[in-house]
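The values are calculated or read from the model by the stated rules, or taken from the named source; none is laboratory data. Since we're looking at a predicted model, the values are computed, not measured. Cβ placement follows ideal geometry from the backbone for every residue including glycine, while neighbour counts extend to all protein chains displayed.
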C-alpha cells in the first residue's frame, strides 16, 4: 500500500437521481466539516426528475482548496447504469466501493475494491419500513466510509441531527444503519488504500451554505419588500429560500406581513411585477436564469429608460437555448451588459463566493435605488446550488441608501422646481418621487417613449440626445458605487490573471500551482462589477500578459475588457472554457500555460504604442495663403 494520504483527496458517489442520496452525501460533507477539515460539495444531476445517473463530489483539502478536481481517488458506485463509468474513473491506487448486488465485473487490479452488502444490512433492521429501505440504504456507504476513512461517528450523528432538525425517529433510523454498516466494515473489510481523514481546526468559526440561500437572506437583510418569480433551474431555490426565511425574519408584532412573494405566470410577468413594485417605492426583485432573462429583455429596457430601481438575480446555467439546465456557466455576461435594444448599459454585480452572495443581496438594492436603474447580480449554478464553506454573514453596517427621493417637505422647498429626468447635480442621476407622496407637485407621467427632463412627451431629436447622454453619464457615476475588485497578489508576480464569480476557487489553486510547479508568479484580480472601476485598468497596465479566465466558450469578460480598454487588447489573453462543469485548477493552469509566452513582453508594449498612434489626430489648420502677400518684414502669427 502507498504511503498514507491524509485529508487530501476527492470522493465521488454515483447514484440514481431521486433515490434519496442527497441526505447521505450531505451527512458525509457536514461530518467532515465538523471534524475541522476544509471541504466542498458539488452535485452533478440530470435535468429530468428522477431515474438518470447523478454524482456527488466531496473535495477534502487540508490546504483549504475548494474547487472541483478532475481526479477521483475514492469512488462509491450505487447505480448499475453508471457502474462501468464509475469504475473507470478511479485513479490508479484509488479505492472503489460498490453495492454487491450490482453483478458486473470488476477487472481492475490497480485499485482497492470494497463490495458492500447494502440490501442485507438494511433488511437486518426490522425498524426500517420496507418502503424506506432504498432511501436508508444510502446510509450504508456512509457507515462504511466512516469506518474505512476514520470519520468520527459522533460528527455523523450531529450532521443527521442538523439535517432532520432534531426529529428523533428519522435520526435514529438512519444513524442505526450507519453504525451497523461501520461495524460490518470493521469486521469484514481489510484496508488496502492509503486514504484517511484526521481532525483539524481549519473550519472553526466557519459556516456551510449555498449561494441561493445566502442571496435570499442577504436580500431580506437589505429590506426586500416584494419579489416576483417563475420557477427555473437553478434559480428556483433562491425564491424558495425567501419563502422559508421571510416569515421567520420579517415578523411584526401584530402578525401582519411587510413583504409579498408572488409566483408569476411567466418570467415576463415576474419582472413586470417587480418593476411596478419598484416604481411604487418598494425594494423589489426577481430571480431567474438565462432563458428567463431572454423573456425579460423588453421590460429590462423599460426599467433602464424609465429609471426604475429593481434587482434581478441571474443564477447562470449553460446555453444557448434550453442548453444543459443543470450545468453551470458564466455565459450571460455580454447579454446582460447590453440587455435591452438600443444604447443600453446595465449595471452588473458579480459575487465570487457565498459570503458575497449574502452581501450583494442587500448591496444590490442600495446600488439600484441610488442609481435608479436595474441592477443584475450574476451568480451561477455551482455557486448557487452547491455547498461551500464561508465566513459567517455580517449584518449591513451602513443604513439603507434610498438615493434621491423627494418627500413632501422637499417639494415645498423646491416649489415645484424639479424634473423627474433633470440632472441638477451633474452626476446624471435625477430626483424621483414615489406614490403615496401627498403633494400634488410630486406627480409625473412614467413613459417608455421619448420624454424631456420634466417627463413630458417629446420626439425632438435634441431632447432625446440630451437624455441619452445623461444616462451615459449616470453609468460613469456608477463606478463610484459598485463593489471594487479583490486583489490576490504574489510577491514578484510577472503576469496577471483576471476572473470573476465562482472561478475564484479554481484560479487561487492554479495560482499556487503555477508558482510552485512552473515558476510563474501571477497576481489575480477578481472583478466584482460592471462597469469596471479604475482599479481594473491600473491592474492591466502593470503586465505584458493578462490572462482572462472564465467559464464560457467565447471569452465574454475578455470581450468587455477589450471594448473598454482597446489600447491594451494585445495584452489580454482569453482562457475561456465552457463544458458545463465547474472550473477546476487543472484547466485554468493548463489554459494559462498554453497561452503564456505567445506574445513576447516587448510586443505588447509595441502594440499599445501602435494603437495610440492610430488614434485620430487633430487636423492642422491650413496655412493662410494671404500671409505670402504681406509686405516685406511682416510675418504671419497664425496658429500652428
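Residues in region 460-501 that are farther than 20 Å from residue 345 by Cα and surrounded by fewer than 19 Cβ atoms within 10 Å (Cβ to Cβ): 460, 461, 462, 486, 487, 488, 489, 490, 491, 492, 493, 494. Every listed requirement among (1) closer than 27 Å to residue 502 by Cβ; (2) in a helix (DSSP H, G or I) is met by residue 81 save one, (1). Please specify each residue of region 564-578 satisfying the condition of being farther than 26 Å from residue 515 by Cα and out of contact with any helix residue (DSSP H, G or I) (no Cβ under 9 Å at 6 or more places or on another chain). Within region 564-578, no residue meets the criteria. Within region 194-212, none of the residues are within 34 Å of the chain's Cα centre (by Cα), more than 28 Å from residue 356 (Cβ to Cβ) and at pLDDT below 95. Among residues that are without any contact (Cβ under 8 Å) to a residue 60 or more places away in the chain, surrounded by fewer than 24 Cβ atoms within 10 Å (Cβ to Cβ) and under 13 Å from residue 76 (Cα atoms), residue 115 is included.
For region 163-187, the set of residues classified as surrounded by fewer than 15 Cβ atoms within 10 Å (Cβ to Cβ) and within 18 Å of residue 29 (Cβ to Cβ) consists of 165 only. For the residues 86, 63, the requirement of being over 26 Å from residue 134 (Cα atoms), touching a strand residue (DSSP E or B) at 6+ places or on another chain (Cβ under 8 Å), touching a residue at least 12 places away in the same chain (Cβ under 8 Å) and not in a strand (DSSP E or B) singles out 63. Here is a check on your reading of the model: is residue 156 in contact with a helix residue (DSSP H, G or I) (Cβ under 6 Å, 6 or more places away or on another chain) and assigned to a loop (DSSP other than H, G, I, E, B)? So residue 156 fails the test. A single entry from 396, 392 fulfils the requirement of being touching a residue at least 12 places away in the same chain (Cβ under 8 Å), assigned to a loop (DSSP other than H, G, I, E, B) and touching a strand residue (DSSP E or B) at 6+ places or on another chain (Cβ under 8 Å): 392. Considering the conditions (1) farther than 25 Å from residue 203 by Cα; (2) surrounded by fewer than 20 Cβ atoms within 10 Å (Cβ to Cβ); (3) modelled with pLDDT of 95 or more; (4) out of contact with any helix residue (DSSP H, G or I) (no Cβ under 7 Å at 6 or more places or on another chain), residue 64 is excluded by exactly one of them, (1).
Does residue 28 qualify as being in contact (Cβ under 8 Å) with a residue 12 or more places away in the chain, part of a strand (DSSP E or B) and under 25 Å from the mean Cα position of the chain (by Cα)? Spelling it out, it is not the case that residue 28 is in contact (Cβ under 8 Å) with a residue 12 or more places away in the chain, part of a strand (DSSP E or B) and under 25 Å from the mean Cα position of the chain (by Cα).
Conditions tested, residue by residue: (1) modelled with pLDDT under 95; (2) assigned by TED's automatic domain parsing to the domain that holds residue 66; (3) more than 30 Å from residue 437 (Cα to Cα).
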| residue | (1), (2), (3) |
| --- | --- |
| 327 | no, no, yes |
| 332 | no, no, yes |
| 335 | no, no, yes |
| 347 | no, no, no |
| 360 | no, no, no |
| 366 | no, no, no |
| 371 | no, no, no |
| 386 | no, no, yes |
| 414 | yes, no, no |
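Hey, among 110, 70, 101, which residue is within 25 Å of residue 502 (Cα to Cα), assigned to a loop (DSSP other than H, G, I, E, B) and either at pLDDT below 95 or not assigned by TED's automatic domain parsing to the domain that holds residue 386 (or both)? Just one listed residue meets the conditions, 70.
Assessment of region 494-508 against the conditions (closer than 17 Å to residue 594 by Cβ, in a helix (DSSP H, G or I) and in contact with a helix residue (DSSP H, G or I) (Cβ under 6 Å, 6 or more places away or on another chain)) yields at least one matching residue.
Any idea how many residues of region 329-339 are within 15 Å of residue 302 (Cα to Cα), assigned to a loop (DSSP other than H, G, I, E, B) and touching a strand residue (DSSP E or B) at 6+ places or on another chain (Cβ under 8 Å)? Residues in region 329-339 being within 15 Å of residue 302 (Cα to Cα), assigned to a loop (DSSP other than H, G, I, E, B) and touching a strand residue (DSSP E or B) at 6+ places or on another chain (Cβ under 8 Å): 1 in total.
Determine whether region 460-481 contains at least one residue that is under 24 Å from residue 533 (Cα atoms), assigned to a loop (DSSP other than H, G, I, E, B) and either at pLDDT 95 or above or not assigned by TED's automatic domain parsing to the domain that holds residue 441 (or both). Scanning region 460-481 turns up at least one residue that is under 24 Å from residue 533 (Cα atoms), assigned to a loop (DSSP other than H, G, I, E, B) and either at pLDDT 95 or above or not assigned by TED's automatic domain parsing to the domain that holds residue 441 (or both).
The sole residue among 292, 301, 342 that is surrounded by fewer than 20 Cβ atoms within 10 Å (Cβ to Cβ) and either in a helix (DSSP H, G or I) or assigned by TED's automatic domain parsing to the domain that holds residue 476 (or both) is 301. If the requirement is being at pLDDT below 95 and surrounded by 15 or more Cβ atoms within 10 Å (Cβ to Cβ), which of these qualifies: 604, 576, 583? Of 604, 576, 583, the one residue that is at pLDDT below 95 and surrounded by 15 or more Cβ atoms within 10 Å (Cβ to Cβ) is 604.
Checked across region 236-249, the condition of being over 22 Å from residue 351 (Cα atoms), assigned by TED's automatic domain parsing to the domain that holds residue 355, at pLDDT 95 or above and not in a helix (DSSP H, G or I) holds for no residue.
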